[in-house]
Amino acid sequence: MVFVETPLYKAWEKYVKETGHRFYEYGHSLIIILIYELLLLVSRTPHVLAYNGVDAWFKYVQRYFPWGTLMFSLLLLLYFGDKMRLDWIGLKDWTERMKDKQEQKKNKDFKPKAKSAFKSQFNRYYAGFMALEGFAYGTLLIMLLPDTLFFIMRLSSPEVDMPPALDESASLYNYHSNPIQDIALAFGAGFYEELVFRVLLFGLLLQIGKQFQKKYKVLEQLGADAAQVGVVPVKVPKYNPKDTKFQTIIAVGSLIYAFSHYLIPYGDTFSIYSFLSRFFFGVVLYVIFVRRNLAIAAWTHVVYDLWYFMIS
């Protein structure tokens, strides 16, 4: 086992590098989606119309998505499963084949390299440890975020009292009828909110930023040190907390994430505490997503929500 055979810091570097492979990312995403949909299947009740914010958005347009996230879950399961299958046996997917063809058009001497089967690289310890890593981050967040935010608010106004539960004033508070639905909600919100806000929104903001810099030449050009994040169809620059590109994207993305909780059907009642809580939560999840991947961010979100339901 790598954590025993090598120094801890080197083992951690090796673990972080190797778990960046999309096989692990897709595999954990697939597990979370399956748990979510299966728990809903066994606990579904007629009076519950929506199970998380993304589910509510889909069902808000009943004409197009009457089953909420279900159809998207099935499509993602097929997509992730097919990617994992190809990686496992060492076959290139359509995108990789097209990339080789484009390279051959540019360079006639180019010879595509064979893709090695991932089954020879798979590490079951890494796969399990990724869930534990998300568990650690989610537990630290639920322990530190409320009190840290309360401390910051007390600095600005010493008479501020400790606020009630984050969602106590929301119209969906106590809406779900049994603990299984609460667990399902944690898995569903944990994956889909991360997919929408950390993956799709991040990619969109990154593209907007690139177009903005091309037009106005205000921001630095993206360098050659970009790293490919598996589920984002763009090059994501390596994380640097002093980089204005990251500061801007993370701040804007976190603001959108925080505001979105008040705009959806059955949205929360606005309060400065809940807004700041969701904003800082979004900032932390963006950093985890960029430094690690979607799977770790989703597990962090899932564990945070599970703890929240148990203690609130």
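Computed from the coordinates by the stated procedures, all read-outs in this text should not be read as laboratory data. Here the structure is a predicted model, which means the values were calculated and not measured.
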*When the Kirkwood radius is taken over all Cα pairs of region 259-312, what Stokes-Einstein diffusion coefficient follows at 4 °C and 1.567 mPa s, in µm²/s?*
105 µm²/s
_Listed residue pairs exceeding 31 Å between alpha carbons, taken from K14/K105; K10/K108; K10/K99; K92/K210_ = K14/K105; K10/K108; K10/K99
*region 66-107: C-alpha gyration tensor shape, a/c 1.5 cut-off, then a/b vs b/c*: oblate
